[in-house]
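I have placed the structure first, in the form of structure tokens, so that the comments after it can refer back to it.
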Amino acid sequence: MFEKLKLRGQLIKAFRTAEIYRVIKRGDRTSYQFPKIHRIDHHHTYTRYAFSLLNGIDPELLTKKRWALRQVLGSNIEINGSLKNFSITVHHKSLPKRLNYSYEAIHPHIEKMALPVCIGQDIYGNPISWDFADLETLLISGEIGAGKSSLMRVILTTWVKYTSPEDLRLVLVDLKRAEMYRRGDLLLEHGVTHISRLPFKLPRIVVVVDEMSIIKRETDLVEMIQQFASQGRALGVHTIIAMQRPDADLLNSALKANLRVRISGRQADATNAKVAGVMGAEEIDAAARGRMKIKIDEVKEFQAYFLDEEACKEMLSSHKTRVKDLEPQLEVVSQPLFGLLEKEEQR
């Protein structure tokens, strides 16, 4: 009981420091009403506070004053919730400084997935993974040196080793719009709503758009990418968009709503983090290479696997072949896979 009272007092102190309260004035007297604390769960690895904000308290304060909350509660905190009901989780562990990528190590975690993504570990050593066949769009952003290129190498290397050319096509430059229409016609012709229900197999296609801001003025191409993100799931066309600095004009509400998973390295400020859709990314330690945050349902910090250019070459040497030696099931134009995988990581 004493421990819970102590923790409760610590949270009240954090609210006071961050000025998250409602001011009540009666004559010459001023009092403060703090958020209502519903529950405190204390474990050896974390402490979680569940609370609700009082009417009149701006929920944005939790984000704007995150730095003040960290000063009192500790640096490793996660804030989740919306409108009035929130939780703050204070982690008592810390993330490793570096994790080297190993396909053999991650394989047990992904072997039942159709298109697996396994990119790192959370603060408790659990893998950060999901099936890209279910969550089919991804935005990756962050400052130079945050680890975006290494992260992309990890994702693509896993797919090359896990899948066959008959099951997956990686399009690293452009996808002809006609292929989208052709697949849509096939669904109509066979009276189904997803390529998995066709009487024959079509390979999934992943369109990778690196540094999308470069094509900002190419409106036709931008519209095509937006079409991939919004309509591609049923057609088996998936999208990865990467950019250093999130662009509010490119990431408009229509496109942003269709980016199911968002990953960010360190952002310059809270505004950039908000545009990227990963609140708190501005708080990532600039010296922590490979430290990132991911948002699927909630924001979670993790340490990404590191895969450098030479190790990537060695891992994929046995998979390298000329495009014309394959038996393509559709006409695509792509640069060699190593063209993206070999991209220099500025570390």
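The values are calculated or read from the model by the stated rules, or taken from the named source; none is laboratory data. Worth saying up front: this structure is predicted, and the values here are computed from it rather than measured. As a convention, Cβ positions derive from the backbone with ideal geometry for all residues, glycine included, and neighbour counts pool all protein chains shown.
In segment 275-292, what residues are charged (D, E, K, R) and within 13 Å of the chain's Cα centre (by Cα)? Result: ARG291, single match. Of the numbered criteria (1) free of Cβ contacts under 8 Å to residues at least 24 places away in the same chain; (2) loosely packed, with under 14 Cβ neighbours inside 10 Å; (3) closer than 24 Å to GLY147 by Cβ, the one MET113 fails is (2).
Scanning segment 120-161 for residues that are basic (Lys, Arg) and out of contact with any strand residue (DSSP E or B) (no Cβ under 7 Å at 6 or more places or on another chain), which turns out surrounded by the most Cβ atoms within 10 Å (Cβ to Cβ)? Once the filter is applied, the top-ranked residue is ARG153. Out of curiosity, is ILE88 among the β-branched types (Val, Ile, Thr), in a strand (DSSP E or B) and more than 17 Å from the chain's Cα centre (by Cα)? Criteria met by ILE88.
Restricting the first member to segment 119-138 and to residues that are under 14 Å from TYR305 (Cβ atoms), and the second to residues that are among the basic types (Lys, Arg) and in a strand (DSSP E or B), the beta-carbon pairs closer than 8 Å and six or more apart or on different chains are ASP122/LYS300; ILE128/LYS300.
Filter segment 19-52 down to residues that are outside any strand (DSSP E or B) and of a type in the set (Phe, Trp, Tyr), then give me how many there are. Summing the residues that are outside any strand (DSSP E or B) and of a type in the set (Phe, Trp, Tyr) in segment 19-52 gives 2.
Against the numbered list (1) small (Gly, Ala, Ser); (2) touching a helix residue (DSSP H, G or I) at 6+ places or on another chain (Cβ under 9 Å); (3) part of a strand (DSSP E or B), ALA68 comes up short only at (3).
In segment 167-190 there is no residue that is small (Gly, Ala, Ser) and either within 18 Å of the chain's Cα centre (by Cα) or surrounded by 14 or more Cβ atoms within 10 Å (Cβ to Cβ) (or both). If you take the residues in segment 1-11 that are out of contact with any strand residue (DSSP E or B) (no Cβ under 8 Å at 6 or more places or on another chain) and assigned to a helix (DSSP H, G or I), which one is modelled with the lowest pLDDT? Looking at residues that are out of contact with any strand residue (DSSP E or B) (no Cβ under 8 Å at 6 or more places or on another chain) and assigned to a helix (DSSP H, G or I), I get PHE2. Considering only residues that are assigned to a strand (DSSP E or B), small (Gly, Ala, Ser) and more than 30 Å from THR47 (Cβ to Cβ), which ones fall in segment 115-165? The answer is SER141, and nothing else.
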